[in-house]
Amino acid sequence: MEQNRKPDVDQMTELLEAHKFKQLKDELETMHPVDIVDVLEELDKKQRTLVFRLLAKEEAAEVFTDMNSDMREDLINALTDSELEEVMDEMYVDDTVDVLEEMPANVVDRLLMATDEETRQKINALLQYPEDSAGSIMNVEYISLRREMTVADAILKIRQVGINKETIYTCYVTEKKKLIGIVDVKDLLTAGESRLIEEIMDENVLYARTLDDQEYVANMINKYGLVAIPIIDHEDCLVGIVTVDDAMLVLQDETTEDISIMAGVSPSEDSYFGTSVFQHAKSRTPWLLIMMLSAAVTGQILGYYENAMAAMPVLITFIPMLMGTGGNCGSQSSTLIIRGLAVGEIEFRDILKVIFKEARIAVVVGLLLSTVNGIRIYIMYGHDIKLALALGLTMIGVVLMAKCIGCILPLTAKKLGLDPAIMAAPLITTILDTCTILVYFNIVTAFYPSL
C-alpha cells in the first residue's frame, strides 16, 4: 500500500498548466485530504476549482470539510448545482451544520437547496440548539439496535446501513427511542451469531445531554477514552452522538480561544493570515486601552511618593525589577490555575488548598530571590544593609502577593461564570504593578522614616 505523500505545490501547478489532468488525478489519489487542502490554499481560485473537480466524491467531501470558510465560499460560488449536491450528499450532517454556521445567508440558501428533504430536516433540527452546546455539534447518523435482535441480525444491519454512518465501532441499543445500552463491534464479532443483543450489551452507559456545554462533552470523551458519546434529550431519548474527531476540534477551538484571551486579544475563528489588519487591530485594542488606562493608577501612586524618590533617587532603579518579578510570578500562578480549571483538575472548592500551596511556593521562591537580590544590592550600593533588607523584604512580599492574586483571580472568575482566561498575564500584571508599588514604598518608608 502506497503511503500518503506530502504535497508538492510546484509539481501540482506544473501539471495543471500542462493540462495533464490524468496524472494530476493519480497524484491526488495518493494524498491525504488534509494535505490536499494545504495544496489548494497555495493555488488561485481557478486552479483550486480545477483540482477539486478531479477528486473522487468521498474525498471531495472530506477536503471540503477541512477547508477554511473563505475557500469554501469561493468553491461554492464556482461549482454547479449538481456538483455541489454531490459534495453535500457525501458529507455528514454535523459537518454540514459546521459549514453552514460559517457561511453568509445567500450561500447557506444555496447549500440547503443542494440537500434532500430528510437531510434538510436534520440540519434544521441541529441548528435549533444553542451555540457551543452538545446538540449543536452532535451527529444524528448512528447505528441503533434493538435488544431482541440476534448478533447475526445486528451484523447484517451494520453491513446495510454502516456506509452512511460516521462511526460503526459502537452501536446503541434503544427501546422506544430511549438509550438502554451500548455494544461494541468487537463484542458482536466475537459473540455467537444466535446470541441476543441484550445478553452482550453494556447497560452502564456514559452519556451527555443536548444542552451540555460542548467543552464538557469533549472533556468526557478525552477523560474516558471514548470513540463517541451518545447524546440524549430532556426526555432521555437518544438523538445523536458526538465523535472523537468533533471533540478534538472543540478542544482545539477552546484552547485557541483561551490563548487569545490570555494574551489580551478578542477570539477570532479566522486564521492569522485570513484576518485583515483592521480586524487584528480591532481585536487587540480594547484590552490595550483597558491596560493603558489602568496603568494610570500606578502613575498616580508613584506621584504620591515623589518626595521619597527625590530624597533617595536610587529607589527608582528598583521599580522595574520589582514590577517585572511580581508580574512574572503572578502570570506563572494564573497560567497553572487556568490550565487546572480547563482540564478539571482544580475546582473553586479547592481555593483554600490552592492558596496554601501557592503561599508555601511563594515563601520558598521569595526567600531565594530576596537572598540573591539582597546580596547584589549590598555589594553594588555601598554596603547599605538597610537598603538590602528593605528590598529583600519587599521581594518576599511581592512574590507572596503575586502568587496569591495569580491563583485567586482565575478561581473567582470561574465561580462567577466568567472565562478564567481573562485573568491572565495582561490583567494580572496590571493589578500587580499597582500593588507592588504600594508594598515597596510602605516597606521602604518603614526602614527610612525620614522619607
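Quick one: accessible area per residue over segment 97-193, 1.4 Å probe, rounded to a whole number of Å²?
Value returned for segment 97-193: 54 Å² of accessible area per residue.
So if I place +1 on the C-beta of Lys and Arg and -1 on the C-beta of Asp and Glu, and nothing else carries charge, what would the dipole magnitude of segment 108-152 be about its Cα centre? I want it in debye, nearest 20.
On the way: 5 positive and 8 negative charges, 35 e Å.
Taking the Cα centre of segment 108-152 as origin, the dipole is about 160 debye.
In the structure shown, do any of 25/122; 20/57; 45/122; 353/403; 357/415; 45/282 have a Cα-Cα gap over 25 Å, and if so which? Provide the component values of the computation, followed by the final result.
Numbers: 25/122 34 Å; 20/57 20 Å; 45/122 31 Å; 353/403 13 Å; 357/415 20 Å; 45/282 28 Å.
Table pairs above 25 Å Cα-Cα are 25/122; 45/122; 45/282.
Give, rounded to the nearest 20 debye, the magnitude of the charge dipole that the chain has about its Cα centre when Lys and Arg contribute +1 at Cβ and Asp and Glu contribute -1 at Cβ.
Approximately 2880 debye in magnitude.
Which longest uninterrupted range of the chain lacks any GluC sites (Glu not before Pro) assigned by DSSP to a loop state (not H, G, I, E or B) and surrounded by at most 14 other Cβ atoms within 10 Å?
On the way: sites that count: 2, 131, 148, 193, 203, 235, 269, 345, 347.
Longest gap between qualifying sites, sites excluded: 3-130.
What are the ³J(HN,Hα) couplings of segment 331-338, residue after residue, when phi is run through the Karplus curve with 6.51, -1.76, 1.60 and θ = phi - 60°? Round to Hz, x for glycine and proline.
Running phi through 6.51 cos²θ - 1.76 cosθ + 1.60 with θ = phi - 60° gives 5, 4, 5, 5, 5, 5, 5, 4 Hz.
Compute the acute angle (0 to 90°) between the alpha-carbon long axis of helix 81-90 and the principal axis of greatest extent of the alpha-carbon atoms of the chain; round to the nearest 10°.
It works out to around 80 degrees.
Which chymotrypsin sites (Phe, Trp or Tyr not before Pro) does segment 360-451 hold that lie in a coil by DSSP with at most 15 other beta carbons within 10 Å?
Numbers: sites: 378, 381, 440, 441, 447; in loops: 381.
Answer in residue order: 381.
Using r as the Cβ-Cβ distance of residue 42 and residue 120, and R0 as 30 Å, what FRET efficiency do you calculate, to the nearest 0.05?
Numbers: r = 35 Å, r/R0 = 1.15.
Once rounded, the FRET efficiency stands at 0.30.
Need the list of lysines near residue 186 for cross-linking: C-alpha distance under 28 angstrom, and skip anything on the same chain fewer than eight residues off.
Hits, sequence-local ones excluded: 157, 165, 176, 177, 178, 223.
Output wanted: per-residue J couplings in Hz (rounded whole) for segment 426-440, from phi through Karplus 6.51 cos²θ - 1.76 cosθ + 1.60, θ = phi - 60°, x for Gly and Pro.
My calculation for segment 426-440 gives x, 5, 4, 4, 4, 5, 5, 4, 5, 5, 4, 4, 4, 4, 4 Hz in order.
Taking only protein heavy atoms and a 1.4 Å probe, what accessible area per residue, in Å², does segment 276-426 have with all protein chains in place? Write down the numbers at each step before the final one.
Working: 8340 Å² over 151 residues.
Accessible area per residue: 55 Å².
Given N residues in segment 100-154, what is its alpha carbon radius of gyration divided by 2.2 N^0.38 Å?
For segment 100-154, the normalised Cα radius of gyration is 1.56.
Set the Förster radius R0 to 35 Å, insert the Cβ-Cβ distance between residue 190 and residue 248 as r into 1/(1 + (r/R0)^6), and round the FRET efficiency to 0.05. List each step's numbers first, then the result.
Numbers: r = 29 Å, r/R0 = 0.82.
E between residue 190 and residue 248, to the nearest 0.05, is 0.75.
Using the charge dipole of the chain (Lys, Arg: +1 at Cβ; Asp, Glu: -1 at Cβ; taken about the Cα centre), state which of 65, 226, 305 has its Cα farthest towards the positive end.
Highest projection toward the positive end goes to 305.
Residues with amide H under 5 Å of residue 8's amide H, sequence separation 5 or more or different chain, H placed in the peptide plane at 1.01 Å from N; which?
none
For the chain, with all protein chains present and a 1.4 Å probe, just round the carbon and sulfur fraction of the accessible area to a whole percent.
On the way: 13920 of 24550 Å².
Of all accessible area on the chain, carbon and sulfur atoms account for 57 percent.
When only C-alpha pairs under 8 Å and at least 6 residues apart count, what is the relative contact order of the chain, in percent?
It comes to 10 percent, rounded to a whole number.
Below 10 angstrom from the Cβ of residue 167, what's the summed charge of the other residues (Lys, Arg +1; Asp, Glu -1)?
Details: positive: 165; negative: 141, 166, 245.
Around residue 167, the surrounding residues sum to -2.
The values are calculated or read from the model by the stated rules, or taken from the named source; none is laboratory data. Remember, it's a predicted structure, so these values are computed and weren't measured experimentally. Ideal geometry is used to build each Cβ from the backbone, glycine not excepted, and the neighbour counts take in all protein chains shown. Heads up: the accessible areas ignore ligands, DNA and RNA and are worked out on the full protein's heavy atoms, side chains in. Shrake-Rupley method; radii C 1.70, N 1.55, O 1.52, S 1.80 Å.
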